[in-house]
Amino acid sequence: MKPPNDKSFPARVYPDGSRLPGSDAVDDRTPVLVSDIVTFAVECRLFLLDGEVRTGSRYLTHGELDVAPLDEDPRRADVLAFAERLASLDLPSAVVVDVGLLSECSQWAVVEANAAWASGHYACDPDAALDVVVRAARPEGEFGPADRAFLRPLPEVVRD
């Protein structure tokens with residue numbers, strides 16, 4: 001379980017929703033993402049721009065921090081092949097996607113998608129990551145129709 005939009009409680013396995021920490025921050029209206037429990041052999045972060053991997057990094061191996069540039073990972077070709085399949089999905093033009101190799105079946109899966117401007121770059125090329133961040137954080141008027149589906153309106157500002 002994890003919160004979809006913030007870090008109001010740690011993402012992890014919980015026995016049920018009543019065990020979520022921070023009862024003051026979590027109530028019956030709090031959105032919570034729930035998935036099947038899976039184990040990843042390796043997890044990688046990909047900075048995508050227009051469906052193309054601009055840079056990537058391994059960040060976990062068997063649940064332990066293990067940071068290395070994607071170019072140095074022996075599974076690089078498999079990660080990039082999986083990323084090509086992601087290009088067919090309905091994603092923002094600038095996004096960060098974490099992918100992982102499932103331990104149970106040795107297949108790649110999406111761990112989660114992240115806002116580019118809120119994602120650490122681990123061992124990614126910082127200039128290439130910045131290209132993705134700049135595109136994702138551009139002024140609202142510069143977003144095209146495909147990206148507009150991912151924008152939420154800002155709440156009205158009440159002024160005295």
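The values are calculated or read from the model by the stated rules, or taken from the named source; none is laboratory data. Everything numeric in this text was worked out from a predicted model, so none of it was measured. Methodologically, a virtual Cβ is constructed for each residue, glycine included, from the backbone with ideal geometry; neighbour enumeration extends over all protein chains shown. Just so you know, the surface numbers come from the protein's heavy atoms only, side chains and all, with ligands and any DNA or RNA stripped out. Shrake-Rupley method; radii C 1.70, N 1.55, O 1.52, S 1.80 Å.
Here is how the numbers come out for the structure above:
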read-out: Calculated diffusion of the stretch 1-124, Stokes-Einstein form, Kirkwood radius summed over Cα pairs, 10 °C and 1.306 mPa s, µm²/s; value: 102 µm²/s
read-out: The chain, accessible surface, carbon-and-sulfur percent (1.4 angstrom probe); value: 51 percent
read-out: For the stretch 1-142: accessible area per residue (Å², 1.4 Å); value: 60 Å²
read-out: The stretch 54-65 - phi-based ³J(HN,Hα) in whole Hz, Karplus 6.51/-1.76/1.60, Gly and Pro as x; value: 8, 6, x, 8, 6, 10, 9, 10, 6, x, 10, 4
read-out: Mean separation of Cα contacts under 8 Å, 6 or more apart, over the residue count of the stretch 1-75: relative contact order %; value: 20 percent
read-out: Coil-residue chymotrypsin sites (Phe, Trp or Tyr not before Pro) of the stretch 73-160, DSSP, other Cβ within 10 Å capped at 16; value: Phe150
read-out: For the stretch 119-148 and the stretch 16-87, distance of Cα centres in Å; value: 18 Å
read-out: Low-density loop cleavage sites - trypsin sites (Lys or Arg not before Pro) in the stretch 110-160, where at most 16 other Cβ are within 10 Å (DSSP); value: Arg159
read-out: Other-chain or far-sequence residues with amide H under 5 Å of Arg54's (modelled H); value: Phe47, Leu48, Leu49
read-out: Stretchable slack from Asp71 to Ser35, in nm (0.36 nm times residue separation minus alpha-carbon distance); value: 10.0 nm
read-out: Exposed GluC sites (Glu not before Pro) absent: longest stretch of the chain, with sites in DSSP loops and at most 13 other Cβ within 10 Å deemed exposed; value: 1-103
read-out: Where trypsin sites (Lys or Arg not before Pro) fall in DSSP loop in the stretch 1-53, at most 11 other Cβ within 10 Å; value: Lys7, Arg12, Arg29
read-out: The chain: relative contact order as a whole-number percent, Cα under 8 Å and 6+ apart; value: 20 percent
